[in-house]
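Asker: Just dropping this structure here.
The values are calculated or read from the model by the stated rules, or taken from the named source; none is laboratory data. Everything numeric here is computed off the predicted structure, so don't read it as measured data. Here the Cβ positions follow ideal geometry from the backbone for every residue, glycine too, while neighbour counts run over all protein chains shown.
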Amino acid sequence: MWTSVAKSLLKFKVQHNFAKTLLRCTSRQVPPGPSLSWRRWQHTAGAIQEAHPFTINTIIQRVEALDAKRFICIQWEDGSKSFYPFVWLRDNCQCPNCFLDSAKARKLTFDDLDVNTGVKNVAIANTGKICITWPDGHTSEFDAGWLKKRCFSEQSRAQMQEELTHPECQLWGSDLQMPTMSYQDVLTSDAHAFQWLTTLKKVGIVLLDGAPTSQGELVTLGKRIGFLRLTFYGYTWQVKDKIDANNVAYTSGKLSLHTDYPALQYPPGVQFLHCLRQAETGGESEVIDGFHACSQLRKQNPEAFHILSSTSVDFNDIGVDYCDFALQSKQNIIELDDNRHVLRINFNNATRDSVFDIPIEKVHSFYSALKEFVNLVNRPENTFCYKMKPGDY
Ligand SMILES: [Zn+2]
């Protein structure tokens, strides 16, 4: 079970919500250069299927079509009811004509979907499944557990989202007890990899120790859960002092707290830093929990929070590295989801563009709001400081 759950989570590759931690490195952590021999992390369709066991032991007592509302009503053994729109059921028919099981994907096209469909007949089959006959004679069968998990009630939807996205979030400050795991354990044990990823999702940062100090290990960790994403700085890059640096990270000066690469339309979710060699002096890393700072700003100055979560800010990054590049993006510094929860922070003062596409009368209040946010971010009680050792991630 551990294995299948871990593999299922690994499959999702911790898909979002990840620009939680703002990072500042004072200098000279040296991650490895590119070393590309890809061997993708293996999983099987069987493992995925096993990890989604839609086999809740659920018994349907009664089923009826409510034609006026275009709902099917299911009454469960415990007396509770679930409702399913006709169109949703037809759209999600699981038969081989409508659904490609090997790809877990819909074959039915929208062209062939009658959004106003009625239902000719609905019944409970001997197998315990719901059997629907549609007006054109097509039939669909739905497993009771599959339906139960997809019930449209608020509670069921929340439960499903919890299962899919692991939304638990732990806010922290300077008192962070840095979650620390063994690099080798994460590489060799699915249970440890699962714990690593769920902790990363919850806290935003995990230290892995005991990795070799050779270049290329970062690629090994990347392919443990999927693949590294190619950027205009390559698959991996060396953070060290460079002459005529094409990025402020390649200087020995202190960086302000930032998230990486907001100039990309799709900024990175998780970033790996691998310390190969540590500076004799300096070299400390400072991290802060951006979600915590957002929560503080929301309480302290709701108007500033509103400005930063509703103003599109221009970012750019121009230079030559892996190839010539000229990136331009618009990001809200505080990005919210549909429920107005913080989804991501997009902020790098170095690449915030001088081009600013907002009405002139809004400029000053934007700067005031950002100043307040940065002041919160820089509070000593919000900052966790540590120094990586060679072999740390
Ligand atoms: Zn079908």
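Asker: With respect to V87, is the statement that it is buried (at least 17 other Cβ atoms within 10 Å of the Cβ), aliphatic (A, V, I, L, M) and within 16 Å of the ligand (Cβ to nearest atom) true?
Answerer: Answer is no for this residue.
Asker: Pull up the range 98-120, narrow it to residues that are free of Cβ contacts under 8 Å to residues at least 24 places away in the same chain, assigned to a loop (DSSP other than H, G, I, E, B) and out of contact with any Leu (no Cβ under 6 Å at 6 or more places or on another chain), then point me to the one that is surrounded by the fewest Cβ atoms within 10 Å (Cβ to Cβ).
Answerer: Filtering first and then ranking leaves T109.
Asker: What are the pairs, 6+ residues apart or on separate chains, where a residue within the range 219-235 that is at positive phi has its Cβ under 7 Å from a residue that is among the hydroxyl-bearing types (S, T, Y)?
Answerer: G234/Y322
Asker: Hey, can you tell me all the residues within the range 342-378 that are over 30 Å from V270 (Cβ atoms) and not in a loop (DSSP other than H, G, I, E, B)?
Answerer: Selection gives I360, E361, K362, V363, H364, S365, Y367, S368.
Results for (1) of a type in the set (V, I, T); (2) within 22 Å of the chain's Cα centre (by Cα); (3) closer than 23 Å to Y233 by Cα; (4) at pLDDT 95 or above, shown as yes or no for each residue.
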residue	(1), (2), (3), (4)
G319	no, no, yes, no
I334	yes, yes, no, yes
P359	no, no, no, yes
K362	no, no, no, yes
A369	no, no, no, yes
N375	no, no, no, yes
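Asker: Now a separate question. Residue by residue through the range 299-316, note down the ones that are free of Cβ contacts under 8 Å to residues at least 12 places away in the same chain and within 25 Å of Y266 (Cβ to Cβ).
Answerer: H306
Asker: Moving on to the next point. Out of I60, I72, report the one residue that is within 21 Å of M160 (Cα to Cα) and either of a type in the set (F, W, Y) or more than 16 Å from the ligand (Cβ to nearest atom) (or both).
Answerer: I60
Asker: If you take the residues in the range 121-135 that are over 12 Å from C93 (Cβ atoms) and within 14 Å of the ligand (Cβ to nearest atom), which one is surrounded by the most Cβ atoms within 10 Å (Cβ to Cβ)?
Answerer: So the residue we want is K129.
Asker: May I pose another question? Just one of (1) within 16 Å of the ligand (Cβ to nearest atom); (2) over 20 Å from G137 (Cβ atoms); (3) surrounded by 11 or more Cβ atoms within 10 Å (Cβ to Cβ); (4) of a type outside the set (S, T, N, Q) trips up L66, so point out which.
Answerer: (1)
Asker: Moving to a separate point now. Between a residue in the range 171-192 that is within 11 Å of R224 (Cβ to Cβ) and any residue that is in a helix (DSSP H, G or I) and β-branched (V, I, T), which pairs come within a Cβ distance under 6 Å, given they are 6 or more apart or on different chains?
Answerer: Final answer for the pair search is D190/T3; H192/V186.
Asker: Inside the range 170-207, can you point out the residues that are among the hydroxyl-bearing types (S, T, Y) and in a helix (DSSP H, G or I)?
Answerer: Y183, T188, T198, T199
Asker: Among the residues of the range 217-233, are any within 25 Å of L343 (Cα to Cα), in contact with a Pro (Cβ under 7 Å, 6 or more places away or on another chain) and modelled with pLDDT under 90?
Answerer: yes
Asker: Among the residues of the range 272-318, write down those that are in a loop (DSSP other than H, G, I, E, B) and not charged (D, E, K, R).
Answerer: F272, L273, H274, C275, L276, Q278, A279, T281, G282, G283, N301, T311
Asker: Quick one: which residue in G145, G79 is assigned to a helix (DSSP H, G or I), closer than 26 Å to Q161 by Cα and more than 16 Å from the ligand (Cβ to nearest atom)?
Answerer: G145
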